[in-house]
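What follows is a single structure, written as C-alpha cells, with notes after it.
The values are calculated or read from the model by the stated rules, or taken from the named source; none is laboratory data. All values derive from a computational prediction rather than experimental measurement. Note that we place each Cβ from the backbone using ideal geometry, even for glycine, and neighbour counts take in every protein chain shown. Only protein heavy atoms, including side chains, enter the accessible area calculation; ligands, DNA and RNA are left aside. Shrake-Rupley method; radii C 1.70, N 1.55, O 1.52, S 1.80 Å.
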Amino acid sequence: MKKIIKNISILLLLGYVGMGLFLYLNQRDFLYFPTPDTPTAYKNMTLQNEGASINVIVLNEGYKNAILYFGGNAESMAQSSDYIAQQFPTFTVYLMDYRGYGGSTGEPTEKGLYSDALKLYDTIKPKHNRISIGGRSLGSGIATYVAAYREVSKLALITPFDSIVNVAHGRYPIYPVSFLLHDKYDSESRIKKIKAKTFIVMAQNDRIVTKERTQQLIDAFDPSQLEVKIIKNRGHIDISSDATYYKIMQDFIGEG
C-alpha cells in the first residue's frame, strides 16, 4: 500500500511540475492571440520603436480632439475600424496594432506594448488639443499605463481587470503565478497616478474577466473620479454589440 501511495504521489508531482512547466513556457500563447494584417480604407501610420515597426490605423483624420484605443488580446483593429469611425465621427481615432498583430512586426510583451503606446501618444500629442484613452480587456492594462504617465482627458476601460496575475491565479490557483508570469499588467498599482475622469464598463455575464477582478480595480479609484456602468445580459465578447454600448461611451467622452 505504501508503495502504491508513493507511486501515485510521484505521478501527481510529475503531472503538477509538467503542467506548470508547459504553462510557463507557453504563457504568452495563452495571453496574446495575434490577428492577421487586413487592408482597410483608412490611413496607416507607421512608428519605429525599439526595432519594431508599429502600424497604427488613423480614423477621421484632422480633428482637434483624439482618442487612442487599445483593443483586446484577440481583437483586430482593422475589423473594428469602420464601426469605431462611425461612432466617433468628430474625433481622430488611433488604433494601434500590437507587436505581431496586423501590420506590426515583433513579438508582443508587456514592456514592449507600454513603450509603443507611449511612443504613439507622444507622436500625436502636438496635433491635438485633448487626448482620451480607451482600453478593452487586455487593452485596459495598456490604457491605465498611458493614463498614469501622460496627460489624458478621459479614460474609458471596458471589461478591465486589476492585474493579469490575479486573473491567472483564479484560473490556476495551484500554481505560484505571481512568480511565473512575465507579463503582469498590474493596473491596480497605477490607479493613484491617474488623474483623468474614468469610466468603467462591465458585462453582466463576463466569464473571462470576473466581477471580482473588475471590482478590485474599481475599489482602488477615488469614487469621485469614477463612473461605472454594467451592461446587462452581455458577456466579455459581445458587450460591444449591445445597443447602449457606444451611446454610453459617446456620452462619457463628450467633446474630449
Notebook entry, point to check: What is the stretch 1-127 by shape, rounded, prolate or oblate, if you read a ≥ b ≥ c off the alpha carbon gyration tensor as root eigenvalues and call it rounded for a/c under 1.5, prolate for a/b larger than b/c, and oblate otherwise?
Noted result: prolate
Note to self: If packing is taken as the average count of other Cβ atoms within 10 Å, what order do 212-224, 196-208, 86-98 fall into, highest mean first?
What the structure shows: 86-98, 196-208, 212-224
Notebook entry, point to check: Relative to the longest principal Cα axis of the chain, at what angle does helix 110-124 sit, 0 to 90 degrees, rounded to 10?
Noted result: 0
Check: Which ³J(HN,Hα) values, rounded to whole Hz and listed in residue order, are derived for the stretch 205-212 from phi using the Karplus coefficients 6.51, -1.76 and 1.60 in 6.51 cos²θ - 1.76 cosθ + 1.60 with θ = phi - 60°, glycine and proline given as x?
Finding: 9, 5, 10, 8, 10, 6, 4, 4
Next item on the list: Give, rounded to the nearest 20 debye, the magnitude of the charge dipole that the stretch 45-168 has about its Cα centre when Lys and Arg contribute +1 at Cβ and Asp and Glu contribute -1 at Cβ.
Entry: 400
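Given the DSSP H assignment, sum -39500 (n - 2.57) over each helix run of at least 4 residues in the chain and divide by its residue total; what's the result at 222 nm in deg cm²/dmol, nearest 500? All intermediate terms of the calculation are to be shown ahead of the outcome.
Details: 9 runs with 98 residues, N = 256.
So the calculated ellipticity at 222 nm is -11500 deg cm²/dmol.
Ignoring ligands, DNA and RNA, what percent of the 1.4 Å accessible area of the stretch 156-248 is carbon and sulfur? Each step should come with its number before you reach the end.
Working: 2580 of 4810 Å².
Looking at the stretch 156-248 in its full context, I get 54 percent from C and S.
Send over a whole-number figure in Å² for the accessible area per residue of the chain, probe 1.4 Å. Show your work: numbers first, answer last.
Values: 12870 Å² over 256 residues.
That works out to 50 Å² for each residue.
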Check: Taking amide hydrogens as modeled 1.01 Å from N in the peptide plane, which residues meet the under 5 Å criterion relative to Asn49, leaving out close sequence neighbours?
Finding: Ile54
Next item on the list: Give me the angle, in degrees from 0 to 90, between the Cα long axis of helix 2-25 and the longest principal axis of the Cα atoms of the chain, rounded to the nearest 10.
Entry: 20
Checklist line | Cα→Cβ-extended label distance, 7 Å offset, between Asp37 and Gln250, nm | finding: 3.4
Next item on the list: Mind checking which of Leu59, Val201, Leu12 is farthest towards the positive end of the chain's charge dipole, using Cβ charges of +1 (Lys, Arg) and -1 (Asp, Glu) about the Cα centre?
Entry: Leu12
Check: Once label points are set 7 Å from the Cα along Cα→Cβ at both Gln216 and Glu107, what is their separation, rounded to one decimal in nm?
Finding: 2.7
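Give me the dipole magnitude in Debye, nearest 20, for the stretch 8-116 about the Cα centre, with unit charges on the beta carbon: positive for Lys and Arg, negative for Asp and Glu. Kindly include the intermediate steps, with their values, before the conclusion.
Working: 5 positive and 10 negative charges, 26 e Å.
That gives a dipole near 120 debye.
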Next item on the list: Take Leu13, project a point 7 Å from its Cα along the Cβ direction, then tell me which residues of the stretch 143-184 have their backbone nitrogen under 19 Å from it.
Entry: 174-176
Margin query: What does the C-alpha gyration tensor say about the overall shape of the stretch 206-256? Classify as rounded when a/c is under 1.5, otherwise prolate if a/b is larger than b/c, or oblate.
Written below: oblate
